[in-house]
Amino acid sequence: MLYKLVFHQKFLRKSVKLTKRNHALETDVLQTLQQLSDNPFEPSLHTHKVTDIDGNLAFSSKITGDLRAIWDFGENEIRVIELLDIGGHSGKNKVYR
């Protein structure tokens, strides 16, 4: 059974900015989203719990070497993944603590 993906505005805005001129990265993001929809704990995603920038618990899944998707399960809906943020896991662009 697939998970439904719900995109927060922050995730959409940042993903468009990141992939605007980088077709290969756009492909990586789309492949990761497909994997999240199929199985958010697929070993290749390296999914683990993190504390996001706002101090909330969430999950981080690997897109590329430094790029991560930050997400959580929907509060009131079964089989929903809310994509919260996208960005690096280190440096000035990190998206979790």
Return the pair list, or none, for Cβ contacts closer than 7 Å from residues in region 52-79 that are over 24 Å from residue 19 (Cβ atoms) and outside any strand (DSSP E or B) to residues that are open to solvent by 20 Å² or more (accessible area, probe 1.4 Å) and of a type outside the set (Asp, Glu), at least 6 apart or on different chains. 74/6; 79/1; 79/3; 79/4
I want to confirm something. Restricting to region 4-20 and keeping residues that are charged (D, E, K, R) and not in a helix (DSSP H, G or I), which single residue is surrounded by the most Cβ atoms within 10 Å (Cβ to Cβ)? 4
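The values are calculated or read from the model by the stated rules, or taken from the named source; none is laboratory data. This structure is a prediction, so every number in the text was calculated from the model and none was measured. Here the Cβ is made from the backbone with ideal geometry for all residues, glycine too, and neighbour counts use every protein chain on show. For the accessible areas, the whole protein counts, side chains as well, though only heavy atoms, and no ligand, DNA or RNA atoms are used. Shrake-Rupley method; radii C 1.70, N 1.55, O 1.52, S 1.80 Å.
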